[in-house]
Every structure is written in structure tokens, then in C-alpha cells.
Amino acid sequence: MSSDTKRADGARFSRQDVARIATLARLALTEPELDLYARQLGGILEHAEQMQGVDTAGVPPYSGATTEDAGDALREDVPVASLSMDAALQNAPQGDRVAGTFVVPKVIG
């Protein structure tokens, strides 16, 4: 749905829009969540529209990440010692110190 399209009821996102997005993201949403997220996404778009209306003439572009202001952000990349295997696995659930591995939850279908 384009950002400048409103539905007859004034909403920008329908439950069907949210359900489609959830399907693409492989999210299982409840009926109340569909309503909630439709309202919240619509609110985000309304806020973005308000921001578009702000007069920024004369406001200089943000330049906080330039090299002159970056400080340590652009330090030399110097190798340092990493954690030992025991330290890395100390709090790992189902850690295997012999193999140097630990089990994590499956996140891909």
C-alpha cells in the first residue's frame, strides 16, 4: 500500500495488510495483534508525514559522523587477544568445551 493512500475508514493499514506483512516475515500474529499493529503502523506513517512538513530550510545537514568529529570511531584496527574457549563457553547453555561449541535455538524454518 502506498504511503499516501488512505482507506475509506481513514486507516493506512488494514488487518489484511498487516497479515500479509506478517506472512512475509513468517510471524504468527493473533487477531488482537493484527488490529494493534495496523493502528501502530498507521501512526508511524502519520508521524512521518508530519515530519515531512517541518521547515528545515537553514538547518545544516547532520555531520556528527565525519572524520573530524569521529574520535575513537575511526581508530586503527589493531588485533587484540580474544576470549579463551573456557571463558567464551562459561555461560553457554549446553556448551561442549571439548568441541568448542554450544547449542542455540533454531531460527530458520
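The values are calculated or read from the model by the stated rules, or taken from the named source; none is laboratory data. Computed from a predicted model, the values in this text were never measured in an experiment. Here the Cβ is made from the backbone with ideal geometry for all residues, glycine too, and neighbour counts use every protein chain on show.
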Item checked: Filtered residue count, segment 51-77, keeping only those that are of a type in the set (S, T, N, Q) and modelled with pLDDT under 65 -> 2
Item checked: segment 25-39 residues that are among the aromatic types (F, W, Y), paired with ones that are assigned to a helix (DSSP H, G or I) (beta carbon under 6 Å, 6 or more apart) -> Y37/V18
Item checked: Matching residues, segment 1-26, being modelled with pLDDT of 90 or more and within 20 Å of the chain's Cα centre (by Cα) -> D17, V18, A19, R20, I21, A22, T23, L24, A25, R26
Next item on the list: Being assigned to a loop (DSSP other than H, G, I, E, B) and either surrounded by 11 or more Cβ atoms within 10 Å (Cβ to Cβ) or modelled with pLDDT under 95 (or both) is the filter here, so list the residues in segment 27-50 that pass it.
Entry: L27, L29
